[in-house]
């Protein structure tokens, strides 16, 4: 799926990647340092003209903006891990098996 094709699926995938970054330190490091690779591994098509950036500590929805020369910048915010969720609740969202009352579908705090 291309970044601009299905925003709902994209939003779900990104929120699961953010959740995984909250509970897996090695994954978080890779997500921050090579986000385009992580998105591709998750089945998303990231065109060569799209620069993917992860903003640690920021909240809000991902943003796709245009840059000079026809390039695009896709900014993903990686907010701090919520203190009111357990690793099991977060992990269930990553695995798409939500535990009852797990409030994760939007990973912004």
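So, residue 13, is that one surrounded by 12 or more Cβ atoms within 10 Å (Cβ to Cβ), under 13 Å from the mean Cα position of the chain (by Cα), in a loop (DSSP other than H, G, I, E, B) and at pLDDT below 90 or not? No: the conditions fail for residue 13. For residue 31, the conditions (1) under 13 Å from the mean Cα position of the chain (by Cα); (2) surrounded by fewer than 16 Cβ atoms within 10 Å (Cβ to Cβ) are fulfilled apart from (2). The residues of segment 36-45 that are over 13 Å from residue 18 (Cα atoms) and modelled with pLDDT of 90 or more, listed by number, are 36, 37, 40, 41. The residues of segment 58-109 that are modelled with pLDDT of 80 or more, in contact with a strand residue (DSSP E or B) (Cβ under 9 Å, 6 or more places away or on another chain) and within 17 Å of residue 21 (Cα to Cα), listed by number, are 58, 59, 60, 61, 62, 75, 76, 77, 78, 79, 80. Among the residues making up segment 69-88, those that are in contact with a helix residue (DSSP H, G or I) (Cβ under 9 Å, 6 or more places away or on another chain) and closer than 20 Å to residue 11 by Cβ are 74, 76, 77, 78, 79, 80, 81, 82, 85.
Within segment 43-53, identify whether any single residue is surrounded by 15 or more Cβ atoms within 10 Å (Cβ to Cβ) and under 10 Å from the mean Cα position of the chain (by Cα), and answer yes or no. No, because not a single residue in segment 43-53 is surrounded by 15 or more Cβ atoms within 10 Å (Cβ to Cβ) and under 10 Å from the mean Cα position of the chain (by Cα).
The values are calculated or read from the model by the stated rules, or taken from the named source; none is laboratory data. Everything quoted here is computed from the prediction, not taken from an experiment. Cβ sites come from the backbone with ideal geometry, for glycine too, and all protein chains shown count toward neighbours.
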